[in-house]
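Q: Can you read through this structure? Questions will come right after.
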Amino acid sequence: MVEGETLFCERQPARCGGIRDVMDFHSCNVMFAGVDAALEKRLGEVLAQTGLKLRSSADGRSVFAGFDEELPDLLLVPERLPDMTAVQLCQHLRLNAATRGIPVVVLVQSGQKGLERELLERGADVCFCVNDDPAFLLFRIRTLLREYGADSAEREGVVFRQPMVSVVTAVGGALWTWPGETPELGGPGTPAGATGGALATAAPALVEMLRRNGQESTLVDDPERLELTGGNTGCAPADCIVVDLACPAFDGLALVRTIAAFRRRTRQCTRILGMVERGQLSTAKVRLVFEAGIDDLVDTDISPDLLVARIATLVRRKSLQDEVRREEAHIESARARMALADALRRVNEDLAAANRKLIDAQAKLVQSAKMASLGELAAGIAHEFNNPLAFVLAHENTVKRSMEQALQAVREADTAAAEMALSKGSERLASSLVGLSRLRELVASLRRFSRLEEGEFRRLDVPETMAMVLTLLAPKLGQEIDVTCDLAAPPELVCQAALVNQVVMNIVSNAADAIEEKRERAAAAGKKGAPGRNRILIQSMLARREGEDGMDYVVRVSDSGPGVPPDLQERVFEPFFTTKPVGSGTGLGLATAYGVVQAHGGSIVITRSEALGGACFTIRVPYRAAEERRGEHVA
């Protein structure tokens, strides 16, 4: 390339500015370790202008001792420190995951390219000649500290693969003929699978060099065919792209900008190395390419071994950064899972507390509905108490007179009269005992009905509990309603007592109200009900569970009332919904019954009774299902 010719086939004027214009660093921490004081001062004056925080350590031991307090973002070291070599320092850094990703810049003297290759191969990231322009060092540091996003490899199940390098050049480019040899197609330097077009006669030797170095390499002679994601070919994306910046077939600098923009947009870490003609590494030109997004820059004067080593260090740097990002992603994922588990635990605790409150509220609602039912039946129960109580009180005077007559007969030695008086008193006491037994039965029924143990699952004698319920409802049923029980199911059921005490009682009580309402309407219309029409039928049976294995315990209550209209069959189970006049019902009876049945994992439905013509309530609960729930209290 002759003097005055545009470098890198650049077609737009370069934007020039001061060092600070292009070095807008985040606050990064750079450590000098074992560097000569004069050199540290000279480089430090330039680095400090960019906002970098500078620290110093006398030797390698001090470097590692300071890691307990703060890790540096980058290390600047000479080839030999007072207590160790730069290679030894790099090896120590790479052994620990916490320090493995720290980049190391080794300061070397000019004319030591063999040493540079060795350092790069053994862990260093960049070798910088101390006699070069410090601005070049700034650009190298900037690329090392550049923040890249996570690429597609940062996901679970990442497997090992060979590094991938894409070489972008074409016939006439500096990289095509580098290092001065043009191997024939099919020869030792020919890329495998290269055919046709510009590759008909020759191919760059770099591709084969990289393959011999253990890296997968592909030749791209047309930037339009450059695969940045690997999505179209199914191959992994390139870890490093070598761009021929002096190729006349395409604009190399524009390609670099395109790749840099793509990796910013897709959060990838692909490294870019550029090659220019010999003697073109001026400060202004270097500034231009590093602004475009390139990570390393060489000219055609570089030796093959050194170029391969510099490509290898870029690939290694990307791999290390990928590993650090994956570890960080795993840590963040673990923290997110822990936070999610903690949030789930708190939600479960809140749900458990809410469930306990709902259970308590249900128990209180059942008790409230029960007390409301008792209040509604109070008048009838009072009548039931009054009859035997009046009977006992009436016989008390008779027994008292009989005792007095017997005592008088004994005094008069009239044995026959005494025996007659005592016999009469004994008969009256026996009659009183019947009344008192009736009172005791009513009190026991009320006590059993009003207990708060409704939520416990226990073995319940269904016929006995049904009889207790009908005893309490006897005043309401009176002589006008005939109640028939056909209990074909097994007598014992493991359930809550409220299933019979509350559910059946509310349904039978509503049936009695419906029959009475129907009778009153018929009387108002001047009609007499046919004899035997006022009936309630209570049935129990076992039936196979619908669509599942197992049996259901079924209780069916039918009546001869007017029935429930279809549009109200769903609403009757809503709390506080009632069709009774104001003051005659709470609207809690059937709502409570529905909740109790749901607690058993069962169902309750309303249909029309084919036998009696009124409503038919069918209650289904899993038979003996509660016995399987050993966590419940089963008495």
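Q: Which whole-Hz couplings ³J(HN,Hα) result when phi for each residue of the range 339-347 is put into the Karplus expression 6.51 cos²θ - 1.76 cosθ + 1.60, θ = phi - 60°, listed in order with x for Gly and Pro?
A: 5, 5, 5, 5, 5, 5, 4, 5, 5
Q: Restricting to DSSP loop positions (anything but H, G, I, E, B) with no more than 16 other Cβ atoms inside 10 Å of their own Cβ, which trypsin sites (Lys or Arg not before Pro) remain in the range 64-110?
A: Counting only loop positions with at most 16 other Cβ atoms within 10 Å, the trypsin sites (Lys or Arg not before Pro) in the range 64-110 are R100.
Q: Could you tally the net charge around M403, taking each other residue with its Cβ under 12 Å from the Cβ of M403, Lys/Arg +1 and Asp/Glu -1?
A: Every neighbour counted, the sum reads +2.
Q: Can I ask one more? Among the trypsin sites (Lys or Arg not before Pro) within the range 301-339, which fall in a DSSP loop and have no more than 13 other Cβ atoms within 10 Å of their own Cβ?
A: none
Q: Cβ under 14 Å from A339's Cβ, A339 left aside: what net charge do those residues give with Lys, Arg +1 and Asp, Glu -1?
A: Around A339, the charge tally is +2.
Q: Counting other Cβ atoms within 10 Å, keep those with at most 15, restrict to DSSP loop, and tell me which GluC sites (Glu not before Pro) in the range 478-572 are left.
A: Hits after loop and neighbour filter: E480, E546, E548, E570.
Q: Report, largest value first, the span of the C-alpha coordinates of the range 27-147 along each principal axis, in whole Å.
A: Largest to smallest, the principal-axis extents are 34, 33, 29 Å.
Just so you know, all these numbers are worked out from the coordinates, no wet-lab data involved. Keep in mind it's a predicted model, so treat the numbers as computed, not measured. Because the Cβ atoms are built from the backbone with ideal geometry, glycine has one as well, and the counts that use them run over all protein chains shown.
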